[in-house]
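Okay, structure first, notes after.
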Amino acid sequence: MRKNFGSKPWCYPMPVFIVGTYDENGNPNAMNAAWGGIDYDDRVNICMGADHKTTLNLKASKAFTVSMGTVDQLVACDYVGVESGLKAADKWQKTGWHAEKSEFVNAPVIKELPMTMECELVSYDEKECHLVGRIVNISADESILTDGKIDVSKLRPISFDPVSHSYLEVSTKVGNAFKDGLKLK
């Protein structure tokens, strides 16, 4: 027997995206955006309200970064989701993060978050709160690489559980994509 919950924004895993931008003075800002994903080979989609400083910044600069929230940076990742850059001038400083300008877009790469998508703005629908970005580059700190590839067990990304309002670690391999299912062919 199943229990019906109605229409809810529940999906597993739900990535914890940290969206980074620069303001008009070149100051970095970031926010936590848990409702997002990938479509096409080079597109990221994120649900972001129009009233966020990060949204205002990316609309002006036409660029942003998306870093994966990690276990090691969980407190700072959550903080940028509960504090507004429009209200707290010292928001960035409180995270302890360091910004490095992306080589590809006018947006900050957060040094403490080792995997980042560097994106150009494709569109933003204010009514639907729908952001679409073109991924120009993905950069990864060498500390999370194994044999030149991103190693999820070193990255230690977190996922948002929308039912219990918790963060979960995503890092255990349980199978082989495009291989294990061949057993049933």
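Observations on the structure shown:
- Charge dipole (debye, nearest 20) of the chain; +1 at Cβ of Lys and Arg, -1 at Cβ of Asp and Glu: 720 debye
- Computed 3J(HN,Hα) for segment 8-16, one whole-Hz value per residue from the Karplus formula 6.51 cos²θ - 1.76 cosθ + 1.60 where θ = phi - 60°, is 9, x, 10, 7, 10, x, 9, x, 9, glycine and proline marked x.
- Cys47 versus Trp10: modelled label distance in nm, points set 7 Å from Cα along the beta carbon direction: 1.4 nm
- Charge tally in the Cβ shell below 15 Å around Asp90, where Lys, Arg are +1 and Asp, Glu are -1, Asp90 excluded: +2
- Charge sum, other residues only, whose C-beta stays under 13 Å from Lys179's C-beta, Lys/Arg counted +1 and Asp/Glu -1: +2
- Here the Karplus curve 6.51 cos²θ - 1.76 cosθ + 1.60, taken at θ = phi - 60°, turns the phi angles of segment 72-87 into couplings of 4, 10, 3, 5, 5, 4, 5, 4, 6, x, 9, 10, 8, x, 6, 9 Hz, with x standing for Gly and Pro.
- Rounded percent of accessible protein surface that carbon and sulfur make up, the chain, 1.4 Å probe: 52 percent
- Spatially proximal lysines relative to Lys101 (Cα-Cα < 28 Å; intrachain offsets below 8 disregarded): Lys53, Lys59, Lys62, Lys87, Lys91, Lys111, Lys149, Lys154
- Close amide H pairs (under 5 Å, H built 1.01 Å from N) link Val136 with Glu118, Cys119, Glu120, residues at least 5 positions away or on another chain.
- Solution diffusion estimate, µm²/s, Stokes-Einstein, the chain, Kirkwood Rh from C-alpha pairs, 4 °C, viscosity 1.567 mPa s: 75 µm²/s
- Cα-Cα P(r), segment 1-99, percent of pairs per 5 Å interval: 2, 12, 23, 23, 17, 11, 6, 3, 2, 1, 0, 0
- Cα centroids of segment 94-168 and segment 1-38: 11 Å apart.
- Most to least packed among 35-48, 67-80, 151-164 [average Cβ atoms within 10 Å]: 67-80, 151-164, 35-48
- For the pair Asp23 and Glu142, label points projected 7 Å from Cα toward Cβ lie 3.6 nm apart.
The values are calculated or read from the model by the stated rules, or taken from the named source; none is laboratory data. Everything numeric in this text was worked out from a predicted model, so none of it was measured. A quick note on method: Cβ atoms are made from the backbone with ideal geometry, for glycine too, and the neighbour counts reach across all protein chains shown. All accessible areas refer to the heavy atoms of the entire protein, side chains included, with ligands and DNA or RNA removed. Shrake-Rupley method; radii C 1.70, N 1.55, O 1.52, S 1.80 Å.
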